[in-house]
Amino acid sequence: YGDAPAERAALRESVGVLDLSCRSRLCLIGADRVKFLHGQVTNDVQRLRVGEGCYAALVNAKGRMHSDLNIYRLADELLLDFEPGHTAAVTERLEKYIVTDDVQLLDAAPHYGLLSVQGPLAAEAIAQLGLPWELPVKPLSFTAHQDPTLGQLYLTCHARTSTAVGVPPSGGAASEPAKAGTPNGGGFDLFVPTASLGAVFDKLVAAAKFLGGRACGWHALETARIEAGIPRFGQDMDETNLPPEAGIESRAISYSKGCYIGQEV
């Protein structure tokens, strides 16, 4: 948006609003969706309750990464959020192992956009939307709200500019999320119906400006991510890497969940 250093300062000191609708989004539906995905990724999907999420890696039979994923358990589907440009590869990898399972994969990106609000005043910016929901506090947990004008919205607790991201594997207690008012603290993702994306973005930017923040672009987000030591698939880790080599082991891998593709390696 024309001033990357000022945008990075907003992410560090107040709040920044980002449009991340370029990211890939897939939905898994069908009666076997949880059992199936649990057998495909490195983290424990079966233990998730509705309203919870986890961070995981999708690997091949040799344990090499196809992608990393943010996985959210909705009432009737699983939502996957991952890096731009990998929809076809992830879909092909998952469909390869659908044999008799009742599972269908749907591309959610044309129907839902993704906005992100990051920084120590992120919670205050979200509150200024005036929507009657309780802010999620556990990393990758979410709340939903059906708005008569904006449609069905999903708000997730996701700090993209600090290391307080993901849910610990193996069913452990969640680490404390970063709190508002701390450096790089806090962050939320907001999944918004495409038709309402512009309106919600404008409201969030207005809220951010009121709090001393602004709209932020890709360069500022990349700078903040690198400063926080958060690896990005396709940039810092790729198909040649095992997940532990990328430093995501503590967030993405459960060593007690049982079998999945690549688990032996």
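The values are calculated or read from the model by the stated rules, or taken from the named source; none is laboratory data. In this text, all values refer to a predicted model and were calculated from it rather than measured experimentally. Here Cβ is always computed from backbone atoms with ideal geometry, including for glycine, and neighbour counts include all displayed protein chains. For accessibility, only protein heavy atoms count, side chains too; no ligands or nucleic acids. Shrake-Rupley method; radii C 1.70, N 1.55, O 1.52, S 1.80 Å.
Here are a few things to note about the model shown:
- For a label point 7 Å along the Cα-to-beta-carbon line of Lys96, residues of the stretch 229-265 with backbone N under 17 Å: 238-243, 260-265
- Taking label positions 7 Å along the Cα-Cβ direction at both Ser250 and Val265, the computed distance is 2.5 nm, reported to one decimal.
- Under 12 Å from the Ala75 label point (7 Å along Cα→beta-carbon), backbone N, the stretch 189-203: none
- Carbon-plus-sulfur accessible fraction, the chain (probe radius 1.4 Å, protein heavy atoms only): 54%.
- Counting all C-alpha pairs of the stretch 1-85, share separated by more than 18 Å (%): 53
- Sites Ala228 and Arg49, calculated FRET efficiency, Cβ-Cβ separation with R0 41 Å, nearest 0.05: 0.90
- Surface exposure of the chain, expressed per residue as accessible area with a 1.4 Å probe, stands at 42 Å².
- Proximal charge balance of Glu77 [Cβ under 15 Å; K/R count +1, D/E count -1]: -2
- Only one item in [x] 52, 40, 33; [y] 65, 36, 32; [z] 58, 42, 34 matches Cα extents along the principal axes in Å derived from the coordinates shown, and that item is [x].
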